[in-house]
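Following: one structure in structure tokens, then a few remarks.
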């Protein structure tokens, strides 16, 4: 059985990432991560493999952007491998986005979409095939939030 991911586990130690945006790419044991702001949305682009060696670093890097902008796009279209616990991390991020009031979407290539179809059979995670589609999903989430208020 795969243990669910917990951001409070001993392995989820802070990695000392600095806040802010820039053109620098962070290398994390096989995954490269970079964030930039696009209007009211933070785009976190990840390439490479997300596995047991860098899962906590991936979580730490991504979660630090929650609440910094009204929207978040997690672009995993360049990810070639996602370990099984990675789905738990994405579900944790989804819950944290909801609590922070951050509207978000995951951009995934064919591999990520297949993995999410298996690990998230109810399609609870907001997924898109492109950044443009992700922006549309975020806009729809904002509109639904306004209508519910």
Picked from the stretch 94-114 (must be more than 16 Å from residue 145 (Cα to Cα) and buried (at least 21 other Cβ atoms within 10 Å of the Cβ)), the residue farthest from the chain's Cα centre (by Cα) is 112
The residue that is modelled with the lowest pLDDT, considering only those in the stretch 41-67 that are assigned to a loop (DSSP other than H, G, I, E, B) and in contact with a helix residue (DSSP H, G or I) (Cβ under 9 Å, 6 or more places away or on another chain), is 67
Residues of the stretch 52-93 being without any contact (Cβ under 8 Å) to a residue 60 or more places away in the chain, farther than 28 Å from residue 144 by Cβ and surrounded by fewer than 17 Cβ atoms within 10 Å (Cβ to Cβ), in sequence order, are 52, 53, 78, 80, 81
| said: Quick check on the stretch 69-79. Is at least one of its residues modelled with pLDDT under 95 and farther than 22 Å from residue 122 by Cβ? | reply: yes
Residue 96 fails exactly one of (1) over 19 Å from residue 61 (Cβ atoms); (2) in contact with a helix residue (DSSP H, G or I) (Cβ under 8 Å, 6 or more places away or on another chain), namely (1)
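Give 140, 105 a once-over and let me know the one that is assigned to a helix (DSSP H, G or I) and either under 17 Å from residue 77 (Cα atoms) or free of Cβ contacts under 8 Å to residues at least 24 places away in the same chain (or both). Step through it out loud before you land on a result.
Numbers: 105 fails: assigned to a helix (DSSP H, G or I).
Step by step, each of 140, 105 is checked, and only 140 is assigned to a helix (DSSP H, G or I) and either under 17 Å from residue 77 (Cα atoms) or free of Cβ contacts under 8 Å to residues at least 24 places away in the same chain (or both).
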Within the stretch 115-134, the residues that are part of a helix (DSSP H, G or I), within 14 Å of the chain's Cα centre (by Cα) and at pLDDT 95 or above are 131, 134
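The values are calculated or read from the model by the stated rules, or taken from the named source; none is laboratory data. This structure is a prediction, so every number in the text was calculated from the model and none was measured. All Cβ positions, glycine included, derive from the backbone under ideal geometry; neighbour counts span all protein chains shown.
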